[in-house]
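The values are calculated or read from the model by the stated rules, or taken from the named source; none is laboratory data. Because the structure is a prediction, the values reported are computed rather than measured. Cβ placement follows ideal geometry from the backbone for every residue including glycine, while neighbour counts extend to all protein chains displayed.
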Amino acid sequence: MGGALPLTVSRTSIIGALLVAVIMMPRWKPQRRWTAIGLLIGSVACFKVIIPGLIGTITTLFATFLNNSDSSTQARTVKYSAIVPYLTERPWFGRGFGTFMPDLYFFTDNEYMLALAEMGAVGLVALLTLFITGIHQGGAIRRLARTESDRELGQAFFASAVVALVISATFDALGFAMFAGIFFLTLGAGGSYLGFIRREAEAEAEAAEVRPAALPPVPEPRTDAPARREAASQLVES
């Protein structure tokens, strides 16, 4: 997957991969972090040699986006203004989920704009709630986890939800079955794993409450016992 993402020459995929790296690397140990950085640098060098012009093409894509000279970006901004009349017709609940079809209208290339058109403001809030739920689940797993592997898994759930939140602004995400299926699968897996982690934390807390108090220390035997016995025997003799 890491090797295929640059070959798509898609800004969305590269942004998603960079977000994962930025979120995951700070949680890794230094040795693993520097290994990953070295692997990234080596991968860029390999792509530059094996596929000449690929890195330059990707760099140009982002440069034209930043200076607003990209035709793809300009076409998307035109769509944003074209969809406004549909939003004002039914602002609260939209036209109905799945009804703003490209065959009848046009591609929005923005899941949030599409949600406003189909489900209105209420639907947009519901969509944002899903993304925020995924972010919360990952953060909660990371906080409650007792092992490093569990904390790293929580960070991975967190990164997945952040990527979904960000890149949904670059294409109509839920219109793609692969994205929708993986997103909801990840959301359900994160919720299930959070349940496991919470039950383990509760069980540990209950065990700590019922654990018997520590017994008082056993006093050490007196070192003057022989002297006391000798004094007692002398007293009896006298």
Would you be able to tell me the number of residues in the range 72-114 that are touching a residue at least 40 places away in the same chain (Cβ under 8 Å) and within 27 Å of the chain's Cα centre (by Cα)?
-> 6
Condition met for Thr133 (closer than 30 Å to Arg198 by Cα, touching a residue at least 12 places away in the same chain (Cβ under 8 Å) and part of a helix (DSSP H, G or I)) | yes
Would the range 192-206 turn up any residue that is in contact (Cβ under 8 Å) with a residue 24 or more places away in the chain, surrounded by 12 or more Cβ atoms within 10 Å (Cβ to Cβ), of a type outside the set (S, T, N, Q) and farther than 30 Å from Pro26 by Cβ?
-> no
Pair list, Cβ under 8 Å, 6 or more apart: the range 21-46 residue under 24 Å from Gly138 (Cβ atoms), other residue outside any helix (DSSP H, G or I) = Ala36/Trp28
If Gln31 satisfies every condition in (1) modelled with pLDDT of 85 or more; (2) surrounded by 11 or more Cβ atoms within 10 Å (Cβ to Cβ) but one, which is the exception?
-> (2)
Those residues of the range 146-155 that are out of contact with any Gly (no Cβ under 6 Å at 6 or more places or on another chain) and surrounded by 19 or more Cβ atoms within 10 Å (Cβ to Cβ) come to a total of 2
Does the range 192-208 contain at least one residue that is within 17 Å of the chain's Cα centre (by Cα) and closer than 30 Å to Phe106 by Cβ?
-> no
Select, from Glu204, Glu220, the only residue that is modelled with pLDDT of 80 or more and of a type in the set (Asp, Glu).
-> Glu204
So which residues in the range 82-110 are aliphatic (A, V, I, L, M) and closer than 11 Å to Gly175 by Cα?
-> Met101
Would the range 89-101 turn up any residue that is outside the structural domain of Thr12 (by TED's automatic domain parsing) and part of a helix (DSSP H, G or I)?
-> yes
